[in-house]
There are 2 protein chains.
Amino acid sequence: MSASRRTVGVIGGLGPAATADFFFRLVSRTEARRDQDHLHIIIDNNPLIPDRNAARKGGGPSPAPDLAASAQRLESAGAEILCMACNTAHAYERDIRAAIRRPFLSMIDATLEETSRRCPQARTVGVLAVDACLEAELYQKSLAAGGRSAVILEGGAQASFMTAINAIKAGEAGDEPARRMRAAVQELTLQGAEAIIAGCTEIPLVLHSRDAPVPLISSTDALVERVIIVAGGALRKSDQFA
Amino acid sequence: MSASRRTVGVIGGLGPAATADFFFRLVSRTEARRDQDHLHIIIDNNPLIPDRNAARKGGGPSPAPDLAASAQRLESAGAEILCMACNTAHAYERDIRAAIRRPFLSMIDATLEETSRRCPQARTVGVLAVDACLEAELYQKSLAAGGRSAVILEGGAQASFMTAINAIKAGEAGDEPARRMRAAVQELTLQGAEAIIAGCTEIPLVLHSRDAPVPLISSTDALVERVIIVAGGALRKSDQFA
């Protein structure tokens, strides 16, 4: 154990399969020869946190108090850096940061920085994300501030993408969600996207880089890499969306 | 959220890939149409807990204090039932139970009950487990008490199995660990095993039921099913080692 290692706290359950995928990638991307080379990670997988899309639409309670409580639970349990395996819930990032003393690593920032690193020339960036994430403009504002334009799905195309996300959350097997995801990627590419941000942690559960004609930036992998480095772990080489 | 649901605490990190697999199976086996149908699960993935095999051989500190501390951390964070994603560490089950007030669900008991349920006629049961787990006789004593005889690997066959486990813990890809596991299963079958307990949570990461000529009882899946039921979740149908 390195003295410089920091215990990681993960706010999760939004949804659970995406959290399990995030955890699996955190473990796989950590360079380790034995158990003790790995990071100490505490996960609060709380799927009972109110629905983010419903809250955004005014049809349900705000998830902010439960997100803040989850962050505090992790900090009390010993987490020294915190993160959250869900893009959309970053709309409540301020509430989370206000509830804790330890640093919170933003998935949005990590993904935007990975986009700049991998695709510095891309002027038009596609953002694949659920309704509440798009409505909160978590990615679009920063892209515009950086002189890039964002393209997003609308109407039926976005509805089809939401159907895929909800099918994954419902644990549905089969190629149907993947087929909808590939169609979403094609649509964004037709709209001029030179790179696409996979801005929802359910996406990498069914979509792979080979499915996209342009670079696909995984928000899951971007945060995984950031967390391992900041926590003092060693990063194992790997392709995103492998 | 059902009022009868109970928050699950998982002592993990022993090793991390096995804990991620346990978590993934917990999520996949829970019948859910949306995030909020899932269980609240808190995972303490602490890979810094001292090595169980080294401790057993007298070459390292006991993991008991850290296991007890992990259990207390989970209970303080809100866990209402606890479990541990590692067979071998159940040698310290008494220390864990003594440290908490909430119930602890034993992976060993869940696996033995699943063995009785699935293979009531099997008189000879193979136990595939690491050195420290076999030396602690976690499975053999109960099998004998139930009138069954246990067969285990010895010498070079057990050494080859340990090589496979350590390769999985080191994150090694490729078919080599799987090949060693299949050879281990063959050896136990040759010794008369009519069923084989996969008594190490690393095993399902590379071995599948189709690789065994006799029923393979996954300790991971046995505990996953037990936890979902006791926590008040609904169990989704699935084949073990799918």
What total accessible area, in Å², is buried where chains B and A meet, using a 1.4 Å probe and rounding to the nearest 100? 3200 Å²
Along Cα→Cβ at 7 Å, what distances in nm separate the A:Pro103 label point from those on the other copies, shortest first? 4.3
So what is the relative contact order for region A:1-87, in percent, with contacts set as C-alpha pairs under 8 Å and at least six apart? 47 percent
Length-normalised contact order of chain B in % [C-alpha pairs under 8 Å, at least 6 apart]: 25 percent
Let me confirm the definition first: pairs of Lys residues in the protein assembly as shown, 8 or more apart or on different chains, C-alpha distance under 26 Å. How many are there? 6
Rolling a 1.4 angstrom probe over the protein heavy atoms, how many square angstrom per residue are accessible across chain B? 38 Å²
What value, in deg cm²/dmol to 500, does the helix sum -39500 (n - 2.57) over DSSP H runs of n ≥ 4 give at 222 nm once divided by the residues of the protein assembly as shown? -13000 deg cm²/dmol
Points 7 angstrom from Cα along the Cβ direction at B:Met162 and B:Lys237: gap in nanometres? 4.3 nm
Taking trypsin sites (Lys or Arg not before Pro) that fall in a DSSP loop and have at most 14 other Cβ atoms within 10 Å as cut points, what is the longest piece of chain B between them? B:124-235
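Suppose the chain between B:Ser116 and B:Arg179 were pulled fully straight at 0.36 nm per residue; how much longer would it get relative to their current alpha carbon spacing?
Numbers: separation 63, 0.36 × 63 = 22.68 nm, distance 2.79 nm.
Contour length minus Cα-Cα distance gives 19.9 nm.
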Can you list, shortest first in nanometers, how far B:Lys141 lies from the same residue in the other copies, with each label 7 Å from Cα toward Cβ? 6.1
Note to self: C-alpha centroids of region B:1-52 and region A:1-79 sit apart, in Å, by 12 Å
Tally Lys and Arg at +1 and Asp and Glu at -1 over the other residues with C-beta under 14 Å from the C-beta of B:Ala20: what net charge comes out? -1
0 to 90° range, to nearest 10: angle between helix B:219-230 axis and chain B longest Cα axis: 30 degrees
Note the distances from B:Gln186 to each other copy's matching label point, with points 7 Å along the Cα-to-beta-carbon direction, in nm, sorted shortest first. 4.6
Are there any GluC sites (Glu not before Pro) in region A:153-230 that are in a DSSP loop and have at most 15 other Cβ atoms within 10 Å? List them by number. A:Glu154, A:Glu172
Could you tell me what percent of the accessible area of the protein assembly as shown is made up of carbon and sulfur, with a 1.4 Å probe and every protein chain present? 49 percent
Hey, in the GNM for chain B with a 10 angstrom Cα cutoff, which one of B:Asp109, B:Asp35, B:Asp66 fluctuates hardest? B:Asp35
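The values are calculated or read from the model by the stated rules, or taken from the named source; none is laboratory data. All values reported here derive from a predicted model rather than from experimental measurement. With ideal geometry, Cβ positions are generated from the backbone for all residues, glycine too; neighbour counts draw on all protein chains shown. What goes into the accessible areas is simple: the full protein's heavy atoms, side chains included, and nothing from ligands, DNA or RNA. Shrake-Rupley method; radii C 1.70, N 1.55, O 1.52, S 1.80 Å.
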